[in-house]
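The values are calculated or read from the model by the stated rules, or taken from the named source; none is laboratory data. Everything quoted here is computed from the prediction, not taken from an experiment. Methodologically, a virtual Cβ is constructed for each residue, glycine included, from the backbone with ideal geometry; neighbour enumeration extends over all protein chains shown. Note: areas computed on protein heavy atoms with side chains; ligands, DNA, RNA excluded. Shrake-Rupley method; radii C 1.70, N 1.55, O 1.52, S 1.80 Å.
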Amino acid sequence: MKRIRAAVIGMGTMGKRHARCLHELEDVDVVGVADIDVQKAREGTREAGVAEAQIFEGYREMLARLRPDCVSIATPDHLHVTPVIDALGAGCQVLVEKPLATTLEDCDRIVEAARTSRLTVMVNYTHRWALPYAFAYERAHSGALGMIEMVYARKDDNLGVIATWPWLAEHSSCAAYLSSHDIDLVCSWMGARITEVFARGVKGTLVERGFDTYDAIQASVRFDNGAIGTFESAWIYPASFPTPTDSYIALIGSKGTITIDRRRESIEMGTGDGFEFPKLTLMTEVGGKLVGGFKDAVAHFVECVRDGKAPLVSLESSRHVAAVVQAIHDSLREGRLVAVDARGASPGG
């Protein structure tokens, strides 16, 4: 079996996760990492177990010198487009952290570059591989729920997110950062796309803390099959909340319903330091190895690179998620119902 030569651009929290996941796959060699902060990259390679990888300050030099088969891009959200296009130009298959990009113009530049190069770009919507969500996908597509007529999705974070990544306040929103996961999931479960959005938001707590962004957003949507839905997101849960994220989805169909509450994931743990509900389905460590949806998503991408098959998360579906998020932002700004840009959209994917 051919060994895959992989590289990582951006060695922050997510880049280290990519590097470690790639390293732990049997047929992958992490040959290089790039970050403008070389010291951070050096520390990241040690933490990820890829100390043998070459370290570069500039990713273009890395791509030119190492010619990797694929690259994971984990730069901040608003800095995706140029590395993705450059990696495609260097002949690399690309796995990029969500979102695809923070504007539709940049999304369309990536879509065109992928079409021209005939190379794969997969957005790392890892929730697709979390077992509760994979179960919901299978049951929805089996017809067990009948036609899904209504959806409610809540994904709310505590205040630590903005404190950790303050650039999100300028370049993202709680809807873009959180609801994008749920929009991707629900559209794939329903085999449908969202056609219109009306959103409301509230500012206050974060503005008082120096971040000019929404505390919370609720978006009411309609799908092209007639179904309706609500996507809720917030960034102001207290630090004392026992999980970083409060996540819940309900699907209401003509024949049945599914509710998914990932706040607890069936495990509760109390120690002298406090009480918590460990989050396990996306990533945890067992026997010194990472397991969970995040690693499964990376493994799926590598399998697509090796076998030349299309990824489960299509570029078109990721572009549609970005279009929905832009419609949410437009609705917040204009105070009206907004139609979702449907160029390049396809149901599900």
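One table, with the values for the structure above:
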{"item": "Under Karplus coefficients 6.51, -1.76 and 1.60, residue-wise ³J(HN,Hα) of the range 192-208 in Hz, glycine/proline x", "result": "9, 10, 8, 9, 8, 9, 10, 10, 10, x, 9, 10, x, 4, 6, 4, 4"}
{"item": "Calculated from backbone phi, Karplus (6.51, -1.76, 1.60) coupling profile of the range 27-38 in Hz, x at Gly/Pro", "result": "10, 10, 10, 7, 8, x, 9, 9, 7, 5, 9, 4"}
{"item": "Cross-link pairs Lys203/Lys289; Lys16/Lys309; Lys98/Lys255; Lys40/Lys289 - those with Cα-Cα distance over 31 Å", "result": "Lys203/Lys289; Lys98/Lys255"}
{"item": "Antiparallel DSSP beta bridges within the chain, percent to nearest 5", "result": "55"}
{"item": "Contour excess over end-to-end distance, with Cα ends at Val202 and Arg109 and 0.36 nm allotted per residue", "result": "30.3 nm"}
{"item": "For the range 9-146, the fraction of alpha-carbon pairs in successive 10 Å shells from zero, as %", "result": "12, 39, 31, 14, 4, 0"}
{"item": "Unit charges at the beta carbon, dipole of the chain: most positive-side option, Gly270, Gly308, Thr245", "result": "Gly308"}
{"item": "Chain lengthening between Phe277 and Arg222 when straightened (0.36 nm per residue, less Cα-Cα)", "result": "16.4 nm"}
{"item": "Percent of alpha-carbon pairs separated by more than 19 Å within the range 204-325", "result": "70"}
{"item": "Under-5 Å amide H pairs with Val28, H placed in peptide plane, nonlocal only", "result": "Ile4"}
{"item": "Å² per residue, accessible surface of the chain at 1.4 Å", "result": "43"}
{"item": "Helix-only CD estimate at 222 nm, as mean residue ellipticity for the chain, using -39500 (n - 2.57) per DSSP H run (n ≥ 4)", "result": "-10500 deg cm²/dmol"}
{"item": "For the range 76-122 and the range 161-222, distance of Cα centres in Å", "result": "22"}
{"item": "C-alpha long axis of helix 293-307 to longest principal axis of the chain, angle in °", "result": "60"}
{"item": "Cα-based Rg / Dmax (Å) for the chain", "result": "19.8, 57"}
{"item": "Residue-by-residue Karplus 3J(HN,Hα) for the range 230-236, coefficients 6.51, -1.76, 1.60, Hz, glycine and proline x", "result": "10, 10, 10, 8, 7, 10, 10"}
{"item": "Solvent-accessible area, 1.4 Å probe, carbon plus sulfur percent, for the range 107-255", "result": "52"}
{"item": "R0 of 45 Å, Cβ-Cβ distance Arg60-His141: FRET efficiency to nearest 0.05", "result": "0.60"}
{"item": "Extension reserve of the Glu316-Arg336 stretch, reckoned as 0.36 nm per residue once the Cα distance is removed", "result": "4.6 nm"}
{"item": "Values of log10 I(q)/I(0), in the order q = 0.21 Å⁻¹, for the range 152-248 under a Debye, Cα-only, solvent-free model", "result": "-1.01"}
{"item": "q = 0.17 Å⁻¹: log10 I(q)/I(0) that the Debye formula gives for the range 124-176, counting C-alpha atoms only", "result": "-0.76"}
